[in-house]
Amino acid sequence: MSAQSTDDLEPKALDLQPGIPEAPTHRQKRRHTLPASEFRCLTPEDAASVFEIEREAFISVLGICPLYLDEVKHFLTLCPELSLGWFQEGCLVAFIIGSLWDQERLTQESLTLHRPGGHTVHLHVLAVHRACRRQGKGSTLMRRYLQHVGGQRAARRAVLMCEDGLVPFYQRLGFRLTGPCAITLGSLTFMELQCSTRGHGSLRRNSGC
């Protein structure tokens, strides 16, 4: 499914704060060489970290995940350039995973397929780690993501589906409500939103994509 998670949801905690000083170790010395903050495309090797954040964000709220581990690996293998992760000192704190779609509106097939000939970027999931919530990271990452995909020739627009309560969040980021989504999951229904990527330039600074 493509329901989105903003930084109001609560995935598993990760202690990102400095602890009690300890004697330096080889591992700690290596950690200090990592960039304080980095945006880059995700790889299949990131799938476990992605799913851990996503599972804690969605299972407790909806009882299901937008993408399960095998599906995360599937999209990060087929179209890693349509993903973006935010890392702080080497730890994943937020991410977006997308794929290409070739129809005007989302359908059940769009949940699992990547259509390389399409011009619509389907945003499957946005999730932020619980330790980093209520800091505006979801909004910041989405803006970076739209700039990132806006620099790709195939991408003309972005589309997502979400629950009613998240519609204002995405509207503030430039998405336009197009109406109820055709996809339902059990008793869950969703709204569909779209956003043109043409007004967004590619942002390459501090990005490994």
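Could you check region 145-170 and list, in sequence order, the residues that are in contact (Cβ under 8 Å) with a residue 60 or more places away in the chain, surrounded by fewer than 20 Cβ atoms within 10 Å (Cβ to Cβ) and not acidic (D, E)?
Hits for region 145-170 are Q152, F169.
Hey, among the residues in region 109-140 that are open to solvent by 50 Å² or more (accessible area, probe 1.4 Å) and among the polar types (S, T, N, Q), which one's farthest from C79 (Cα to Cα)? Outline the logic, then answer.
Pass one, region 109-140, residues open to solvent by 50 Å² or more (accessible area, probe 1.4 Å): 109, 112-113, 115-117, 119, 130, 134-135, 140.
Filter once more, so that each one left must be among the polar types (S, T, N, Q): 112, 135, 140.
Values: T112: 12, Q135: 29, T140: 22 Å.
Here the residue is Q135.
Within region 38-47, identify whether any single residue is over 17 Å from L123 (Cα atoms), in a helix (DSSP H, G or I) and within 14 Å of the chain's Cα centre (by Cα), and answer yes or no.
Scanning region 38-47 turns up at least one residue that is over 17 Å from L123 (Cα atoms), in a helix (DSSP H, G or I) and within 14 Å of the chain's Cα centre (by Cα).
Suppose we keep only residues that are among the charged types (D, E, K, R) and modelled with pLDDT under 55 within region 190-209. Which one would you say is most open to solvent (accessible area, probe 1.4 Å)?
Of everything passing the filter in region 190-209, R205 is most open to solvent (accessible area, probe 1.4 Å).
Could you grab me the full set of residues in region 41-86 that are closer than 25 Å to L146 by Cβ and touching a Cys at 6+ places or on another chain (Cβ under 7 Å)?
Hits for region 41-86 are C41, E54, F58, P80, E81, S83, L84.
Being under 19 Å from L193 (Cβ atoms) and β-branched (V, I, T) is the filter here; which residues of region 81-139 pass it?
I96, I97, T107, T120, V121, V125, V128
Mind checking which pairs have a first residue in region 38-63 that is of a type in the set (S, T, Y) and a second that is open to solvent by less than 10 Å² (accessible area, probe 1.4 Å), Cβ under 7 Å, 6 or more apart or different chains?
T43/L76
The values are calculated or read from the model by the stated rules, or taken from the named source; none is laboratory data. Computed from a prediction, not measured in an experiment: that's the story for all the values here. Here Cβ is always computed from backbone atoms with ideal geometry, including for glycine, and neighbour counts include all displayed protein chains. In case anyone asks, the SASA skips ligands and DNA or RNA and just uses the protein heavy atoms, side chains included. Shrake-Rupley method; radii C 1.70, N 1.55, O 1.52, S 1.80 Å.
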